Structures are given as C-alpha cells and as structure tokens.
Amino acid sequence: MPYFLDGNNLIGRARGSARPSEEDRRDLVAALLERLRATRARAVLFFDGAGGRETSLGRLSVRNAGSVSADEAILREVGRARSPQEITVVTADRGLIRAVRDAGAKVLSPEEFWSRFGASSRQQQREENVDIEDWVKYFEDERNRET
C-alpha cells in the first residue's frame, strides 16, 4: 500500500510556512527516509514546482509536479492506479481530501501519518535538547532556586 504525500502541505503543517524553502524540503525528505527505513512502507512525496522530475531514494520517491500543482499530480496518479483503494494520501488539504476520497483512495492526516511512523532520531534528539535547555534556563533564574 503506497502513501502519496502532499509535501508542501506536510511542511506547512509542521512549520507554518506556505512557501517551503529547499532546506525545508531536504529536512522533510531526510525525516521520511529515516522513518520509512525500518518499515515495508513505500511513499511518493509530491512537491509543487518545476521540472516534473522524479528521484528514487529506496522506499521513498520524490516528484516535482512540474507545470501542475502537487494536488493535481496526486489526483492524476490516484486516477491511473489499478487499485486506488490501496493508496493512502497524506494531506490536511480539504479540497484534496474530498477529491481523493471521490477517486477511491484513502486519506490520512499528517498527524496520523507521523504518529504511525514514530519520531525520527533527529526529532527525539531535538526534543531532548530542548528539555535540557529549558531546565538550564529554569534553574538559572534566581526566582526558581531554593534559598
């Protein structure tokens, strides 16, 4: 069962950015590769943008939609599938959700997708660093020390 991932939507949900940078894209690809490595899942990550290129990275393929939007590219691929009911599209875009369901595919929210595939080691490391940094800041404040 392949996952079709709405890349700009995933980044937008995670970073609150309507226009992801190349760094945002690289970070998303790295996080997905790490999480998919331990599974049998396959995913196709769609980005808005020129080129219409596809890059295969093992269990993850990355596609630039070219002259159409990523949403349109996802819908085209669902429409071409022999068994669209075996495809799960990951997005929070309401219009895309409706169209994908009408085409026979399943939908998963980005939050459900991330929880299904667990936290990446980079994310866990960042969370640990934040916790330690928060504690250090807390105890540096004189008001938080016992006298």
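What follows is calculated from the coordinates using simple rules that are stated; it is not laboratory data. None of the values given here were measured: they were computed from a predicted structure. Here the Cβ positions follow ideal geometry from the backbone for every residue, glycine too, while neighbour counts run over all protein chains shown.
Please tell me the relative contact order of the stretch 13-102 in percent, rounded to the nearest whole number, where contacts are Cα pairs under 8 Å and at least six residues apart.
That works out to 18 percent.
With Cβ to Cβ distances under 15 Å as the rule, what net charge do the other residues near Phe113 carry (K, R +1; D, E -1)?
+1
What is the local net charge at Ser56, summed over the other residues whose Cβ is closer than 14 Å to its Cβ (Lys, Arg +1; Asp, Glu -1)?
Value of the local net charge: +3.
What is the gain in length, in nm to one decimal, between Glu34 and Ser109 on full extension, counting 0.36 nm per residue of separation less the C-alpha to C-alpha distance?
25.1 nm
Report the one residue of Gly49, Asn9, Ala30 whose Cα lies farthest in the direction of the positive end of the charge dipole of the stretch 1-61 (charges on C-beta: Lys and Arg +1, Asp and Glu -1; origin at the Cα centre).
Ala30
If you place +1 on the Cβ of every Lys and Arg and -1 on the Cβ of every Asp and Glu, how big does the dipole about the Cα centre of the stretch 2-116 come out, in debye to the nearest 20?
Taking the Cα centre of the stretch 2-116 as origin, the dipole is about 360 debye.
Mind giving me the nanometre distance, one decimal, between the label points for Glu72 and Thr55, set 7 Å out from Cα along Cα→Cβ?
2.4 nm
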